[in-house]
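Please read the structure below before turning to the comments.
The values are calculated or read from the model by the stated rules, or taken from the named source; none is laboratory data. All figures in this text were calculated on a predicted structure; none of them were measured in a lab. Cβ placement follows ideal geometry from the backbone for every residue including glycine, while neighbour counts extend to all protein chains displayed. Accessible surface is based on the protein model in full, side chains and every heavy atom, while ligands, DNA and RNA are left aside. Shrake-Rupley method; radii C 1.70, N 1.55, O 1.52, S 1.80 Å.
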Amino acid sequence: MSWKNTQQNSFADSLVVEHKSLSELDDVHNIINWNEIEQSLRAKFNHCLAMLNQHH
């Protein structure tokens, strides 16, 4: 059985390119209150679902 050296990058690791565009929106993501957005969307979804169930 062979052992993987976890300190050594794999072939797939070498194909991954760290580009600025992959992280430039991280700061925006961090300042958004996602819990509040999720709660608002969940409430809207539940309201719409209830309306649909009333008509069936």
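With protein chains left intact and a 1.4 Å probe, residues in the chain average 106 Å² of accessible area per residue.
Could you calculate the FRET efficiency of Ser14 with Asn35 from 1/(1 + (r/R0)^6), where r is the beta carbon distance between them and R0 is 30 Å, rounded to 0.05?
Given R0 = 30 Å and the Cβ-Cβ separation, E is 0.20.
To the nearest 10, the accessible area of Val28 is 70 Å² with a 1.4 Å probe. The angle separating the long axis of helix 34-54 from the principal Cα axis of greatest extent in the chain is about 50 degrees. Surface composition of the range 3-44: carbon and sulfur atoms hold 55% of the protein heavy-atom accessible area at a 1.4 Å probe.
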